[in-house]
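Undergrad: If you scroll down you'll find the structure; I have some questions about it.
Values quoted throughout were computed directly from the atomic coordinates according to the rules given, and no laboratory measurement underlies them. Treat the numbers as computed from the prediction; the structure is a model and nothing was measured. Note: ideal-geometry Cβ built from the backbone for every residue, glycine included; neighbour counts use all protein chains shown.
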Amino acid sequence: MDWTLEVVVVPVSDIDRSIEFYRDRIGFELDHHTVNEHMTVAQLTPRGSGCSIVIGTLPSQQEMTPGSLKGLQLVVADAYAAREELLGRGVDASEITVFDERDGGTFFGFADPDGNTWGVQQLKVRADTPLIPHETRGRFGA
């Protein structure tokens with residue numbers, strides 16, 4: 001049986017501000033944003049990822065303190081280009097650290113407006129071998 005990680009709940013204090021940050025500054029795709037009398041929920045997915053983040057007001061989303069999620073990790077083919085892209089969008093990204101010269105040993109990080117932290121790892125192999133092939137990308141029929 002396959003077990004796939006497809007959603008991570010990220011605790012935030014302001015849903016609209018968080019949508020703006022993850023969509024407009026980080027570059028995640030907004031898959032859906034549902035607002036009704038029972039809930040507000042938004043799902044955003046990094047381009048090329050099979051896992052999304054969810055923010056909102058459902059009871060399970062209210063069990064964590066905003067900003068308490070630490071060490072989520074993204075992977076990019078070029079950490080230097082990714083960091084420059086984020087800096088250009090006004091994101092405060094840390095300096096790049098090379099822990100190991102081999103592929104996978106280069107990192108930088110950033111935090112969302114609530115203080116949830118993200119690490120960004122460089123895996124050059126992703127340029128030639130994406131985790132999800134480009135022809136199968138697209139979520140919810142998009």
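Undergrad: Using helices alone, I'd like the mean residue ellipticity at 222 nm for the chain: each DSSP H run of four-plus residues gives -39500 (n - 2.57), total over residue count, nearest 500.
TA: -3000 deg cm²/dmol
Undergrad: For semi-axes √(5λ) of the Cα gyration tensor in Å, several values are listed as [x] 22, 18, 14; [y] 34, 15, 11; [z] 26, 19, 14; flag the one computed from this structure.
TA: Given [x] 22, 18, 14; [y] 34, 15, 11; [z] 26, 19, 14, the structure-derived one carries the label [z].
Undergrad: While we're here: Return one number: the angle in degrees, 0 to 90 and rounded to the nearest 10, between the long axis of the Cα atoms of helix 79-88 and the longest principal axis of the Cα atoms of the chain.
TA: 50
Undergrad: Still on this structure, please answer the following. Expressed in nm to one decimal, what extension gain is obtained for the pair VAL35 and CYS51 from 0.36 nm per residue of sequence separation less their Cα-Cα distance?
TA: Taking 0.36 nm per residue and subtracting the Cα distance, the gain is 3.6 nm.
Undergrad: Next question. Fully extended, how many nm does the chain gain between GLU85 and GLN62 (0.36 nm per residue separation, minus their Cα-Cα distance)?
TA: Difference between extended and current length: 5.1 nm.
Undergrad: In nm, to one decimal, how far is the GLU6 label point from the GLU95 one, both placed 7 Å along Cα→Cβ?
TA: The two pseudo-label positions are separated by 4.2 nm.
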